[in-house]
Each structure stands twice: as structure tokens, then as C-alpha cells.
Amino acid sequence: MSGSPVKIAILFSGRGSNMRTLARHIARDNVPAELVLTVTNRPNAAGIAVAEAEGIACTIIDHEAFDSREAFDAELDATLRATGVELICCAGFMRLLTADFVNGWPDRLLNIHPSLLPKYKGLHTHKRALEAGDAEHGCTIHYMRPQMDDGPIILQKKVPVLADDTPETLAARVIEQEHIAYAQALDIALTKMAGA
Ligand code: GRF
């Protein structure tokens with residue numbers, strides 16, 4: 001390995017709080033990485049202003065401007081490769097990626113999911129955990145594989161489910177742990193890359 005910082009991109013679709021936490025971790029905590037790009041598929045994403053405030057480039061690739069999933073993914077892939085990206089962090093990126101795209105970034109594509117995988121893949125995880133009467137809930141950071149919310153787990157953080165929780169109060173408890181977990185998971189992934 002060259003010893004030069006690993007070039008990272010973050011993909012997001014919404015609010016961008018995980019993106020902000022990762023950006024600050026990379027900038028402030030002596031992480032051997034450089035955040036070169038953020039990309040969103042939603043032109044109105046609140047996270048665009050977050051990227052701006054953090055001083056990070058944000059490219060908008062509006063998925064609605066593409067005829068097919070393959071065409072969107074090809075543009076995304078070309079954008080990332082043109083910037084020399086080596087590791088991608090999906091942080092609230094609410095779009096399925098094709099198997100071709102995912103297979104093109106083996107162990108270089110991380111995702112965060114707001115449940116203790118393999119429980120509750122997909123949407124509405126907090127509501128589903130409450131409906132199931134779970135005592136614990138949490139979040140997972142994992143390497144992506146072509147199946148949705150699937151792949152080797154890097155780390156998980158648990159939170160208790162309280163008797164009076166709503167999906168919103170539970171989500172608020174989980175997102176706090178997401179922020180801590182994603183920074184730690186990035187460190188683990190970078191350490192693995194350095195040793196590879
Ligand atoms: C997070 O809970 C993430 O796990 C989920 O969507 C939410 C995104 O939040 N997939 P943010 O955009 O990082 O604030």
C-alpha cells in the first residue's frame with residue numbers, strides 16, 4: 001500500500017446526518033482517508049446543504065433523469081472512478097444498486113442499515129421492531145453484496161426498546177448509535193484495506 005490517504009465517497013439521499021458525522025470524523029480524527037466527493041440521487045436532498053457546510057463537493061445525479069437502473073449506475077460508477085474513489089460509504093442512500101455496480105466494488109462498498117441485520121431488511125425497520133415486541137433494536141454497518149441489506153457485517157450497535165417508544169423515539173435512539181458506529185466501521189474497513 002502506498003500510504004496515501006484512501007479516497008472516499010459518500011452516497012446519500014436525504015438528511016445527511018451520517019454523511020456529516022463521517023465527514024467530520026475523516027477531517028478531524030486523523031483518519032488515513034480523504035473525503036473527495038459526496039453524491040446524491042435526489043436534487044432536493046437536505047444533505048446537499050450539509051455537504052456544502054462541511055466544504056465537500058456534492059454531485060447530484062438525479063435518478064429520474066435516467067431510463068434505467070443500469071444507466072443511472074453507469075453514470076454513478078463513471079463519476080466515482082473519474083474522481084479516483086477507492087471506498088464508497090452509502091449513508092442513507094435510498095436506492096437499490098445493480099449487481100454489476102456492486103460487484104465492481106468488491107469490499108469497497110459500505111452500507112448502514114437501521115436494524116440488527118439480518119432482521120428487518122428494507123424499510124420501516126423501527127415500526128417493525130416495535131410491532132414484533134423486540135426488546136432490542138439497533139443498527140448495522142456491512143459490506144454490500146448484490147442482495148438488498150446483505151453482506152458481511154462490520155459492526156452492530158444495540159439499543160433497548162422502551163415500553164413507550166414510538167417509531168420516532170426509537171429512530172432517535174438508533175441514529176445516535178449509527179453516527180458512532182459508522183465512524184468506527186470506517187476505521188475497521190480502512191485498517192483492513194491497509195493490511196490487504
Ligand atoms: C439512517 O437511519 C440510515 O440508516 C437509513 O436512513 C437514515 C438516513 O439518515 N438508511 P441520514 O440521512 O444519515 O441523516
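The values are calculated or read from the model by the stated rules, or taken from the named source; none is laboratory data. Since the model is a prediction, treat every value here as computed from it, not as a measurement. Methodologically, a virtual Cβ is constructed for each residue, glycine included, from the backbone with ideal geometry; neighbour enumeration extends over all protein chains shown. Accessible surface is based on the protein model in full, side chains and every heavy atom, while ligands, DNA and RNA are left aside. Shrake-Rupley method; radii C 1.70, N 1.55, O 1.52, S 1.80 Å.
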Other-chain or far-sequence residues with amide H under 5 Å of CYS90's (modelled H): LEU11, LEU110, ASN111, ILE112
Sites THR166 and ALA99 - FRET efficiency at Förster radius 41 Å, r taken between beta-carbons, to 0.05: 0.65
Three-way shape call for region 1-91 based on the alpha-carbon gyration tensor, with the a/c threshold at 1.5: oblate
Amide H contacts of HIS137 (H built 1.01 Å from N, under 5 Å, at least 5 apart or other chain): VAL159, VAL161
5 angstrom amide H check on THR83, placed H, neighbours 5+ away: none
FRET E, pair ALA194, ASP29, Förster distance 22 Å, beta-carbon r, rounded to 0.05: 0.90
Accessible surface ranking that places the most exposed of HIS179, HIS142 first, with a 1.4 angstrom probe: HIS179, HIS142
Accessible area (Å², per residue) of the chain, counting only protein heavy atoms and a probe of 1.4 Å: 49
Only Lys, Arg (+1) and Asp, Glu (-1) charged, at Cβ; region 46-162 dipole about Cα centre in debye: 560
Exposure of THR83 as accessible area (Å², to 10), given a probe of 1.4 Å and all protein chains: 50
Selected from PHE101, THR191, ALA91, residue furthest toward positive end of dipole (region 91-196; charges at beta carbon): PHE101
Cα centre as origin, Lys/Arg/Asp/Glu Cβ charges: the chain dipole, Debye: 340
Efficiency of FRET between ARG173 and ASP67 - r from beta-carbon atoms, R0 41 angstrom, step 0.05: 0.50
Net charge contributed by nearby residues that have their C-beta within less than 10 Å of ALA27 (K/R +1, D/E -1): -1
Helical mean residue ellipticity (222 nm; -39500 (n - 2.57) per DSSP H run of 4+; nearest 500) of the chain: -12000 deg cm²/dmol
Solvent-accessible area of LYS192 with every protein chain in place, 1.4 Å probe, in Å² to the nearest 10: 120
Carbon plus sulfur fraction of accessible area for the chain, probe 1.4 Å, in percent: 51
Once the Cα gyration tensor of the chain is diagonalised, semi-axes √(5λ) in Å: 26, 19, 17
Separation in nanometres of the label points that stand 7 Å from Cα toward Cβ, at HIS124 and ILE153: 2.4
